[in-house]
Amino acid sequence: MDWCKNRLKNSSSQEYLESKVNILLAGSLKERDQYAQEKAIKSFCEGIGYLEGVLLFQRHIHPSNIEHSNWIGKEAAYMEALIEVDLIVKEAINRQYRHFCIFL
């Protein structure tokens, strides 16, 4: 389970990712050895983490390069962008989960 910890910036998306990983570990990956589980979970999570990072950078809300002066007085727009990224990431998690369920 440690293989998917702290992958995403948004805590809501991170919790959702961890719940899907738990389902995979309890189901399709249960009979696999630890190495196979680790590689599958890392493969599952890696692309989603990259997607979230790109979306945050595109919207200028990534924590590593955010300029708070740009968002002063625009808190509603900032939250709207965060929610939009959260929804896109959750859709990507669902899509990735469906693919893994089919191919495992």
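Rounded to the nearest 500, what is the chain's calculated 222 nm mean residue ellipticity when only DSSP H runs of at least 4 contribute -39500 (n - 2.57) each, over all residues?
Roughly -24000 deg cm²/dmol at 222 nm, from the helical runs in the chain.
Starting from the Cα of residue 102, step 7 Å along the direction of its Cβ; do the same at residue 12; then give the gap between the two resulting points in nm.
Distance between label points: 2.8 nm.
Compute the acute angle (0 to 90°) between the alpha-carbon long axis of helix 11-26 and the principal axis of greatest extent of the alpha-carbon atoms of the chain; round to the nearest 10°.
Roughly 10 degrees, rounded to the nearest 10.
Binned at 10 Å from 0, what are the whole-percent values of the Cα-Cα distance distribution for the chain, short to long?
So the P(r) values, bin by bin, are 15, 43, 25, 12, 4, 0.
Given the options 65, 22, 94, state which has the largest fluctuation in a GNM of the chain using a 10 Å cut-off (strictly under) for Cα springs.
Evaluated over the chain, the most mobile residue of the options is 65.
For the stretch 2-103, give the magnitude of the charge dipole about the Cα centre (Cβ charges: +1 Lys/Arg, -1 Asp/Glu; no others), in debye to the nearest 20.
280 debye
Run the quick spin-label model on residue 79 and residue 62: label points 7 Å from Cα toward the beta carbon, then report their separation in nm to one decimal.
Using points 7 Å along Cα→Cβ, the separation is 2.6 nm.
Taking Cα pairs under 8 Å and at least six residues apart, what relative contact order does the chain come out at, in percent?
Result for the chain is 36 percent.
Considering only 62, 87, 73, whose Cα is most displaced toward the positive end of the charge dipole of the stretch 38-104, charges sitting on Cβ of Lys, Arg (+1) and Asp, Glu (-1)?
Checking the options against the dipole of the stretch 38-104, the answer is 87.
Every number in this text was worked out from the coordinates using simple rules, so none of it is lab data. All values derive from a computational prediction rather than experimental measurement. No Cβ is skipped: glycine too gets one built from the backbone with ideal geometry, and neighbour counts run over all protein chains shown.
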